[in-house]
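Worksheet: the structure to be examined is printed underneath.
Just so it is clear, none of the values below were taken in a lab; they were calculated from the coordinates. Note that the coordinates shown come from a computational prediction; the quantities given were computed from them, not determined experimentally. Cβ atoms come from the backbone with ideal geometry, glycine included; neighbour counts cover every protein chain shown.
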Amino acid sequence: MSHHRQHSDGLWTVPHRDPFGENGVPQTNGSAMNGSTAAAPAPISNLPKEQRAAVRSGTGHDATAPVKTIPVSQQPGPGQILVKINWTGLCASDKSLLHDEWTAFGVGMMDQTLGIAGHEGAGEVVAVHPDVENLWKVGDRAGVKWVVSICRTCEFCTNGHDELHCKTQLNSGFSAPGTFQEYCLTDGRYATRIPDGVKDEEAGPIMCGGVTAYTACKRSAVRPGQWVVIIGAGGGLGHFAVQYAKALGMRVIAIDGGEEKGKLCRDLGAEVYFDFTKGQNLAEEVEKVTTYGAHGAIVIAASRAGYALGPSVLRVGGTMVAVGLPTEADVVAGAPPIALALKRLNIVGSVTGTLKDVEEALDFCARDLVHPILTKGTLNDVDKFCKLMVDGKLPGRAVLKVSA
C-alpha cells in the first residue's frame, strides 16, 4: 500500500484539502472526490440514522478499537456511492496504523479518518449520487479499496498504470474513514464491482491483500515454468502469493516457519517448502532445487531476516520484490553493490494495485483459481485479531462481519 502524507523530509504528500464536513460526512460542494458540481440528492428515507463502527481509542501499542455508535451519512456527495459493508478484511496495515507502528516514517492515521480504519470492504450499494448513476445502481455489489479516490488528471492518473501513486489520492482508513463501519462513502468512479462467483467475505481481502500479492507476482517478471521463492508464504498475504504464482504458471518455493504453514503452502500449490526455523542454509537449498537459483523472490515477511535472505536465493538476472513493510526504519531491501553488479540483480518494490489489477485479482477468484483462507469474526474482534497477528497465530486472512 502506498502512503502519501506531507512530512518534513518530503517523502509523503497528501491533498491540501479537507473533504470532510461535520460528523465526518464528506462535503457535497464538488470538492470532496471529483470536482463535480451536480446537485446533491435528497436524504435517503430508509437509511438508519446511526451505525456501529470500530473506532480507535488511545495511541501507540495501547490503542484499541472498541465498537461505538456513530451517525450514518444520509446522502452521498458528488461522485460518491454509499456502500453497506457486509464484510471487511483486517489487514496487517490496519494494525500498523491503529498502533502507530510507522511513526518513524511519518505515517499514521489522519484526523479525517475519525478513527475508523479498514480498507478491504465488500458490500452492497445503498445510495448513489446522480452524477454516477450511469455507473452504479442501488443493489450493486461494490468493493472499497485502499485507494478510494484519485484526481484523474495528473500524469500518474492518466498514464494507464500508475494511478495508485496519485499525489492527491484519498485512502480508506488513512486519510478517509475506513471500512470498519456499517456504511461507507466512497468514490463511485474508483469503487470496484464484485463479480458473480465471489463472496463478499472473499472479495474483501482481495481489495488489498489479494491484489498486493497478485501485482507482486507480476512485478517479479517470473515467466511460466520458472522458479519463484516466496518468503513469508504461510501468512495472510503470503498464502495469496502462493496461489497467484501457481495460477500464473510459476514454480513455487515457499519459505516460512513451522510444519503447519508448510502443509498449507503445499496444499495451495507450492512444490517445495523450507522451514527457516530448522537452521538450513536456505540459499544453498534453493540452489539445489533450481540449479542456478530462483528467477524471482517475493519478500512478504516484514523482517530484517527476510530482506537479508531475498537477494541470496536469486540467480543471475533475478528480481527481488519488496512487499513486507518492517516497522524498523533501518531495514534495507537490497544487496551489496558487488553482488548487484556481478549477478545483475533487480530490486523492485510493489504496492497494492490499480483498479484494473483489482479486477484481474478478483477474476482469478471467480474462476476458482484463488481463494483466501479465512479466519472470521465481527467488528468486536479487531483488537483480538490484531493481537493474534502480533503473535503470529492468525491463520490465513482475517475478515470481520460488519452489517447484520
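The table that follows gives values for the structure above.
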{"item": "Charge dipole (debye, nearest 20) of the chain; +1 at Cβ of Lys and Arg, -1 at Cβ of Asp and Glu", "result": "540 debye"}
{"item": "Length released on extending from ASP363 to ASP391, taking residue separation times 0.36 nm less the Cα-Cα span", "result": "6.8 nm"}
{"item": "In segment 210-349, lysine pairs with alpha-carbon atoms under 16 angstrom apart (chain gap of 8 or more, or interchain)", "result": "4"}
{"item": "Gained length - THR69 relative to GLU259, 0.36 nm times residue gap less alpha-carbon distance", "result": "64.1 nm"}
{"item": "Rough spin-label spacing in nm, given labels placed 7 Å along Cα→Cβ, for LYS278 and THR378", "result": "4.3 nm"}
{"item": "For peptides 370-377, 239-246, 310-317, sequence by mean Cβ density within 10 Å, most packed first", "result": "239-246, 310-317, 370-377"}
{"item": "Cβ crowding within 10 Å averaged over residues, with 174-186, 271-283 ranked highest first", "result": "174-186, 271-283"}
{"item": "Straight-distance crosslink candidates among aspartates and glutamates, where the alpha carbon sits under 18 Å from LYS376 and sequence neighbours closer than 8 are dropped", "result": "ASP94, GLU120, GLU182, ASP200, GLU201, GLU202, ASP391"}
{"item": "Cα gyration tensor category, rounded, prolate or oblate, for the chain with a/c compared to 1.5", "result": "prolate"}
{"item": "Gained length - VAL138 relative to THR153, 0.36 nm times residue gap less alpha-carbon distance", "result": "2.6 nm"}
